[in-house]
Amino acid sequence: MKCEIDARGLACPQPVVLTKNKMKECNHIEITVDNETALENIKRLAGSSGWSYEDTVSGSNYIITLKGDNTKTTDAPAEFMTSCSGEGTVISFSSDKMGKGDDELGSILMKAFVHTITTLDSLPSAIVFYNSGVMLAADGSGVADDLNVLNKKGVQLLICGTCVNYFKIGDKIKTGTISNMFDILNTLSKATRIINP
Amino acid sequence: MTGAAEPVYFVLLFPSVSHVMKAEKILLKEEIPIKIIPVPKTISSDCGVCIRFEEKLVKKIKSILENHFETMEFRKL
């Protein structure tokens, strides 16, 4: 059965919720949306549900055609998450090591991790640093240059001031913003996703 | 912008992450400007790390490390 959805003018996550419901009744759905967030969310829903999709631009709207097996579609898989514009992805560095186990290994992994952020197609909106995580933002950490690149590309860097004072590295922080608990918690609580390496 | 050309980088690959850790320590002690980066996907799809530096440092790094390691592989990025 073919179904059509006109999701223009609807706020996120409505378009994706409507699509999800129709996927139980129809095996061919044509959805019209008026923004890229809705388009991306629906494409991700289709992808994670094993449906095929094609999208075309029509004036200021997007038309997405989904095809799949509605008899198998129950609910979207658990890993699917709608991302409404929100504040985007926030990376939270609570340590200067990646993971627990061996600190020397954790330190190497962290350097590779931070460098890799600069190569992402979709950058995080903010990065917060606390406890020994603030060491990463200090000159000589091996990744301060990567963080500076991110900062220049518009990624907000919030560095815990209490921690900077505790480690006595204030004079070595040359990028980002020395911040406070209020701003750090506010940023974390508005995040669509938080990555904690 | 100064209009300066992007530097040409080399990476140094080792058989294991332990070798990378050892080499990083030696090079940092000599104050050689290096960066740890993941092994580029064009070189290997393994989850590895390698050492990146500017082309002009290749000789120097080779001479510092050659007595410490049997296997090293320099690759231009």
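The values are calculated or read from the model by the stated rules, or taken from the named source; none is laboratory data. Because the structure is a prediction, the values reported are computed rather than measured. Cβ placement follows ideal geometry from the backbone for every residue including glycine, while neighbour counts extend to all protein chains displayed.
Quick notes on this one:
- Applying the criterion of at least 2 residues that are among the charged types (D, E, K, R), touching a residue at least 24 places away in the same chain (Cβ under 8 Å) and surrounded by fewer than 20 Cβ atoms within 10 Å (Cβ to Cβ) to the helices (runs of 4 or more DSSP H) found wholly in the stretch A:117-192 leaves A:181-190.
- Cβ-Cβ contacts under 6 Å between residues 6 or more apart (or on different chains), taken from a first residue in the stretch B:64-77 that is free of Cβ contacts under 8 Å to residues at least 60 places away in the same chain to a second residue that is assigned to a loop (DSSP other than H, G, I, E, B), are listed as B:64/B:30; B:71/B:15.
- Single condition residue B:69 does not satisfy, out of (1) more than 21 Å from residue A:147 (Cα to Cα); (2) modelled with pLDDT under 95; (3) surrounded by fewer than 13 Cβ atoms within 10 Å (Cβ to Cβ): (3)
- Test result for residue A:42, surrounded by 18 or more Cβ atoms within 10 Å (Cβ to Cβ), closer than 25 Å to residue A:122 by Cα and not hydroxyl-bearing (Ser, Thr, Tyr): yes
- Checking each residue in the stretch B:1-31 for being in a loop (DSSP other than H, G, I, E, B), within 12 Å of another protein chain (Cβ to nearest Cβ) and either in contact (Cβ under 8 Å) with a residue 60 or more places away in the chain or surrounded by 12 or more Cβ atoms within 10 Å (Cβ to Cβ) (or both) picks out only B:14.
- Among residues of the stretch A:92-104 being among the hydroxyl-bearing types (Ser, Thr, Tyr) and part of a loop (DSSP other than H, G, I, E, B), the one that is nearest to the other protein chains (Cβ to nearest Cβ) is A:95.
- Any hit, the stretch B:59-77, residues being in a strand (DSSP E or B) and within 14 Å of another protein chain (Cβ to nearest Cβ): no
- Failed condition for residue A:107, given (1) of a type in the set (S, T, N, Q); (2) within 14 Å of chain B (Cβ to nearest Cβ); (3) on the phi > 0 side of the Ramachandran plot: (3)
- Looking only at the stretch B:32-58, and only at residues there that are in contact with a strand residue (DSSP E or B) (Cβ under 9 Å, 6 or more places away or on another chain) and small (Gly, Ala, Ser), the one that is farthest from the other protein chains (Cβ to nearest Cβ): B:44
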